[in-house]
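Student: Structure in structure tokens, see below.
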Amino acid sequence: MTRTPVNVTVTGAAGQIGYALLFRIASGQLLGADVPVKLRLLEIPQGLKAAEGTAMELDDCAFPLLRGVDISDDPNVAFDGANVALLVGARPRTKGMERGDLLEANGGIFKPQGKAINDHAADDIKVLVVGNPANTNALIAQAAAPDVPGDRFTAMTRLDHNRALSQLAQKTGVPVGEIKKLTIWGNHSATQYPDVFHAEVAGKNAAEVVNDEQWLADTFIPTVAKRGAAIIEARGASSAASAANAAIDHVHTWVNGTDAGDWTSAGVVSDGSYGVPEGLISSFPVTAKDGQFEIVQGLDVNEFSRTRIDASVKELEEEREAVRGLGLI
Ligand code: NAD
Ligand code: LMR
């Protein structure tokens, strides 16, 4: 039986993450090796020509699962019938721009895109926001899509999660695949909190294996939280292949589920769990089953973790207040 292709819309398709992402989606790594996909690329007018070039390259790969590539600069067209939307294109902070200016500029992108998703996407739409500030951009898009269930809007902290896995693997000398139940809490920003207190390294409690609170506080947490800036410093451009990889991981997990006995991290709408105010899109430990994320419940949060979670959540609340003040939500 021939399966109906899944429509995957990617915004910012001509950017560097887009270039690292599209070929992996078309090869089946996003949804599965038996799931045909149609790509819908959204760019601003200046990005269309480069997007056309990428579409030519996609053709030239002759991917068996790729059933077409459409390109548009109109969100109403690009999100028409979308089942999965990866919102990558965003307005970067430029010299002299205040945080409020950045939020306002991104509001001009994510509000109309949220409305277009509301009006045109498929009923089963799943949205991942990658473009920064990812959590608050997701909130803006969600607010503009009142007819779409709120939990379909998520923000990417999987890159932070993967960074934390690697740092912990290097510290403990255990392969990444043997580390489970790590958590990123809060915002995808330097205030995020990577938490190892419930994590397991080869079946043992990670905090006990590490047994070095100073390393956690002074090395592990800042290394993970400031990794994005360190990559920009080293590469002269923000992370692209690792960001695309994390976007693939996020959606693949959302659709196909988490492994038994493990969880991952994602920015999802808070139901008030762990004292995170309801409605904020904050990173939590999550499992996925039947196409839905669920926040892992009942974890003990120690004092070390509480202050750090609260600081990142406070930043998210401030961002929410700022965009509320700008009339964006
Ligand atoms: P980039 O500048 O290379 O590409 C962005 C693309 O978006 C450009 O081609 C631009 O033309 C396009 N664009 C801008 N406005 C658009 C709009 N309204 N509609 C459609 N397309 C639009 O940037 P990049 O390196 O690909 O990064 C994209 C975003 O991802 C940035 O905001 C970056 O900070 C963010 N990022 C997030 C994470 C994360 O972990 N959440 C990690 C890395 C990067
Ligand atoms: C990252 O974490 O690599 C990015 O969010 C950094 C950035 O500011 O683009």
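The values are calculated or read from the model by the stated rules, or taken from the named source; none is laboratory data. Every value quoted in this text rests on a predicted model; they were computed, and no experiment measured them. Heads up, the Cβs are rebuilt from the backbone with ideal geometry, glycines too, and the neighbour counts pull from every protein chain shown.
Student: Restricting attention to the stretch 89-119, which residues are of a type in the set (Gly, Ala, Ser), buried (at least 18 other Cβ atoms within 10 Å of the Cβ) and within 16 Å of ligand 2 (Cβ to nearest atom)?
Tutor: Result: 89, 90.
Student: Which of the residues spanning the stretch 1-32 are more than 11 Å from ligand 1 (Cβ to nearest atom) and assigned to a strand (DSSP E or B)?
Tutor: Within the stretch 1-32, 6, 7, 8 qualify.
Student: Only one of (1) crowded, with 19+ Cβ neighbours inside 10 Å; (2) within 16 Å of ligand 1 (Cβ to nearest atom); (3) not aliphatic (A, V, I, L, M) fails for residue 270. Which number is that?
Tutor: (2)
Student: Out of the residues in the stretch 175-198 meeting the condition of being among the β-branched types (Val, Ile, Thr) and surrounded by fewer than 24 Cβ atoms within 10 Å (Cβ to Cβ), tell me which one is nearest to residue 279 (Cα to Cα).
Tutor: Going through the qualifying residues, I end up with 191.
Student: Could you look through the stretch 122-177, keep only residues that are hydroxyl-bearing (Ser, Thr, Tyr) and over 16 Å from the mean Cα position of the chain (by Cα), and pick out the one that is farthest from ligand 1 (Cβ to nearest atom)?
Tutor: 172
Student: Now, a different point. Consider residue 101 against the criteria (1) touching a Leu at 6+ places or on another chain (Cβ under 7 Å); (2) of a type in the set (Asp, Glu); (3) more than 9 Å from ligand 1 (Cβ to nearest atom): it satisfies all of them except one. Which criterion is unmet?
Tutor: (1)
Student: Now a separate question. All but one of (1) without any contact (Cβ under 8 Å) to a residue 60 or more places away in the chain; (2) touching a Pro at 6+ places or on another chain (Cβ under 8 Å); (3) among the basic types (Lys, Arg) hold for residue 95, so report the exception by its number.
Tutor: Of everything listed in (1) without any contact (Cβ under 8 Å) to a residue 60 or more places away in the chain; (2) touching a Pro at 6+ places or on another chain (Cβ under 8 Å); (3) among the basic types (Lys, Arg), residue 95 misses just condition (2).
Student: Same structure again: Can you spot a residue in the stretch 178-199 that is among the basic types (Lys, Arg), touching a residue at least 12 places away in the same chain (Cβ under 8 Å) and more than 22 Å from residue 300 (Cβ to Cβ)?
Tutor: Within the stretch 178-199 (the criterion being among the basic types (Lys, Arg), touching a residue at least 12 places away in the same chain (Cβ under 8 Å) and more than 22 Å from residue 300 (Cβ to Cβ)), the answer is no, since none of the residues qualifies.
Student: State yes or no: is residue 251 more than 16 Å from ligand 1 (Cβ to nearest atom), crowded, with 20+ Cβ neighbours inside 10 Å, closer than 17 Å to residue 127 by Cβ and at pLDDT 95 or above?
Tutor: no
Every residue, every condition in (1) more than 19 Å from residue 198 (Cα to Cα); (2) outside the structural domain of residue 293 (by the TED database); (3) within 16 Å of ligand 2 (Cβ to nearest atom); (4) free of Cβ contacts under 8 Å to residues at least 24 places away in the same chain, yes or no:
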{"site": "221", "(1), (2), (3), (4)": "no, no, yes, no"}
{"site": "233", "(1), (2), (3), (4)": "yes, no, yes, yes"}
{"site": "239", "(1), (2), (3), (4)": "yes, no, yes, no"}
{"site": "243", "(1), (2), (3), (4)": "yes, no, yes, no"}
{"site": "253", "(1), (2), (3), (4)": "yes, no, no, no"}
{"site": "258", "(1), (2), (3), (4)": "no, no, no, no"}
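Student: Right, next: Just to be sure before I move on: is residue 293 modelled with pLDDT of 95 or more and either among the small types (Gly, Ala, Ser) or within 20 Å of the chain's Cα centre (by Cα) (or both) in the structure I sent?
Tutor: For residue 293, the condition - modelled with pLDDT of 95 or more and either among the small types (Gly, Ala, Ser) or within 20 Å of the chain's Cα centre (by Cα) (or both) - is met.
Student: Also: In the stretch 33-82, what count of residues is obtained for those that are of a type in the set (D, E, K, R), over 23 Å from residue 117 (Cβ atoms) and outside any helix (DSSP H, G or I)?
Tutor: Count: 1.
Student: Spot the failing condition for residue 131; the list is (1) surrounded by fewer than 17 Cβ atoms within 10 Å (Cβ to Cβ); (2) assigned to a loop (DSSP other than H, G, I, E, B); (3) touching a helix residue (DSSP H, G or I) at 6+ places or on another chain (Cβ under 8 Å), and only one is missed.
Tutor: (1)
Student: Another one. Looking at (1) polar (S, T, N, Q); (2) within 23 Å of residue 250 (Cα to Cα); (3) in contact with a His (Cβ under 7 Å, 6 or more places away or on another chain), which is the one condition that is false for residue 76?
Tutor: All conditions pass for residue 76, except number (2).
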